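Each reported figure results from applying straightforward, stated rules to the coordinates on display, with no laboratory input. Source: prediction; values computed, not measured. Positions of Cβ are generated from backbone atoms using ideal geometry, with glycine treated the same way; all protein chains shown enter the neighbour counts.
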Amino acid sequence: MSEPWRVLLLLWKHFALTFSALLPLINPLGSALIFLGLVGSAPPQVYRALARRIAINTVLFFAVIDLVGSTILAFFGISLPIVQFSGGLVIAAMAWSLLNQKDIQPNAEKIQAAAAVAEESEISGTLEQKAFYPFTFPVTAGPGCIVVMLTLSAHVRQGRISDTVVAQTGTMLAVILLSGTVYLSYAYAPRITRSISPSTAHGILRVIAFILLCIGVQIAWNGLAPLLISVIHQA
């Protein structure tokens, strides 16, 4: 295989991996329902302005996790195979939960966070001041996304620095595209929730969840294999 095609394949591989892993967790359509409930009756320009800030915050949020993820793991002395094995199991467990989910409502952590904000009537500030919390975290990207992003950050390391840069580029392109879907879902939340049936959205998410389950098992195996080899060599 020629070098340009190899680089393109590596870029696409990590783009598809990141997009498939994060899409069911971000769940733009489901999160748009919560966003719509929190914002309430507001002019379309308010929805678009908030959606733009949330999309930018989402990119920055994942970029920071991606950049400092390796440093955090190194600080705690956690090896790459352990991260892959543990993170793969977490991803597979999340995917299994999504496969058995009966509707497209976001996971419990997002619903609880939104309910807490709605109940705290004493919270002051405008909607713009809430663009990061709770609209970006945890309504859009919850703790589960942090775990997955840390796993992807460890998985992106390659043997050569140039390959790592290409893989990192694929990951961030997927994050940018996901943030674009967040913008569209939030900016036009009232219209989308009226036009797309829950059964259609849930059917799409089921297919993605199955792919995510396979991805989680594969990542877990990539981490388990070198651990088993090291045990066999020590025996």
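Structure values in brief
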quantity: Column: log10 I(q)/I(0), Debye, Cα scatterers of region 38-103, q = 0.15, 0.17, 0.18 Å⁻¹; calculated: -0.80, -0.88, -0.90
quantity: Two-decimal Rg/Rh across region 154-235, once Rg and the Kirkwood Rh are taken from alpha-carbon atoms; calculated: 1.17
quantity: With Cα atoms, 0 to 90° folded angle of helix 108-119 axis to the chain main axis; calculated: 30
quantity: Computed [θ] at 222 nm, deg cm²/dmol, the chain (DSSP H ≥ 4; -39,500 (n - 2.57); rounded to nearest 500); calculated: -27000 deg cm²/dmol
quantity: Amide H contacts of I196 (H built 1.01 Å from N, under 5 Å, at least 5 apart or other chain); calculated: none
quantity: Alpha-carbon Debye profile of region 1-72, log10 I(q)/I(0) at 0.21 Å⁻¹; calculated: -1.04
quantity: Hull volume in cubic angstrom per residue (convex hull over the Cα atoms of the chain); calculated: 151
quantity: Where GluC sites (Glu not before Pro) in DSSP loops with at most 12 other Cβ within 10 Å are excluded, longest remaining stretch of the chain; calculated: 1-119
quantity: Lys, Arg +1 and Asp, Glu -1 on Cβ, resulting dipole of region 3-234 about Cα centre, debye, nearest 20; calculated: 500
quantity: Phi-based couplings in Hz for region 37-45 (Karplus 6.51, -1.76, 1.60; Gly and Pro marked x); calculated: x, 6, 6, x, 6, 8, x, x, 5
quantity: Positive-end residue, region 3-234 charge dipole about Cα centroid, Cβ charges, pick of P138, V166, W5; calculated: W5
quantity: Relative contact order (%) - the chain, alpha-carbon pairs under 8 angstrom, separation at least six; calculated: 48
